[in-house]
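K.L.:
My structure is below; once you've seen it, I'll send some questions.
Please treat every number below as a calculation from the coordinates, not as lab data. The shown structure was predicted, so the numbers you read here are calculated from the model rather than taken from an experiment. Because the Cβ atoms are built from the backbone with ideal geometry, glycine has one as well, and the counts that use them run over all protein chains shown.
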Amino acid sequence: MASIHRETVVDVGADQAWAALRTVGAAHELFAPVLTDGELNGETRRVRFANGMVVNERIVDVDDGMRRVAYSVLDAPGLRYHHASMQVLDEGPNRCRFVWITDFLPADAGGTLTPLVEAGSTALKTNLEAGKPIAAATQLA
């Protein structure tokens, strides 16, 4: 199995970052322009990437205590297995660390996934630091 582990320091408080990340139905807003559209239907999220690819993801967990979201891609072309988690860690006043870990098979899918994780991490940082509002009505209970 292969993994991608990406950590990004974000200059906003952990509570603010978590409020945006836990709003799983608005991932297309938080990760714009990497994601261009998305919708949440129960525990399944459908997202559209800027390159036109559409995938369905099962939201496995939204853990407020750990500030962690776990999800699994259900139908990405070329992937036999995918599981990822995103977590917000407090780094002090007005600063947090965004940690994104993705496990996948086959290992050679890393050539496609790594640029998406890197671009997504940069988009999250940019959008949060710019104070971009995230729709609060699209989160799991």
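K.L.:
Identify, from the list Leu21, Leu30, the residue that is touching a strand residue (DSSP E or B) at 6+ places or on another chain (Cβ under 9 Å) and of a type in the set (A, V, I, L, M).
P.N.:
Answer to the check: Leu21.
K.L.:
Taking the condition of being in contact with a Leu (Cβ under 8 Å, 6 or more places away or on another chain) and surrounded by fewer than 19 Cβ atoms within 10 Å (Cβ to Cβ), how many residues in the range 79-105 meet it?
P.N.:
6
K.L.:
Which numbered condition trips up Leu105, out of (1) within 18 Å of His28 (Cβ to Cβ); (2) more than 13 Å from the chain's Cα centre (by Cα); (3) in contact (Cβ under 8 Å) with a residue 12 or more places away in the chain?
P.N.:
With respect to (1) within 18 Å of His28 (Cβ to Cβ); (2) more than 13 Å from the chain's Cα centre (by Cα); (3) in contact (Cβ under 8 Å) with a residue 12 or more places away in the chain, Leu105 is out only on (1).
K.L.:
Does Ala119 count as among the aliphatic types (A, V, I, L, M) and either more than 19 Å from Val47 (Cα to Cα) or crowded, with 17+ Cβ neighbours inside 10 Å (or both)?
P.N.:
The answer is no for Ala119.
K.L.:
While we're here: Looking only at the range 7-66, how many residues end up being hydrophobic (A, V, I, L, M, F, W, C) and farther than 21 Å from Pro93 by Cβ?
P.N.:
Count: 18.
K.L.:
Could you pull out the residue among Thr8, Thr23 that is over 21 Å from Leu105 (Cβ atoms) and surrounded by fewer than 19 Cβ atoms within 10 Å (Cβ to Cβ)?
P.N.:
Thr8
K.L.:
Considering only strands (runs of 3 or more DSSP E) fully contained in the range 40-141, which possess at least 3 residues that are charged (D, E, K, R)?
P.N.:
Where strands (runs of 3 or more DSSP E) fall fully within the range 40-141 and carry at least 3 residues being charged (D, E, K, R), they are 44-49, 54-63.
K.L.:
Please work out if Ala32 is in contact (Cβ under 8 Å) with a residue 40 or more places away in the chain, part of a loop (DSSP other than H, G, I, E, B) and either of a type in the set (Phe, Trp, Tyr) or out of contact with any Leu (no Cβ under 9 Å at 6 or more places or on another chain) (or both).
P.N.:
Yes: the conditions hold for Ala32.
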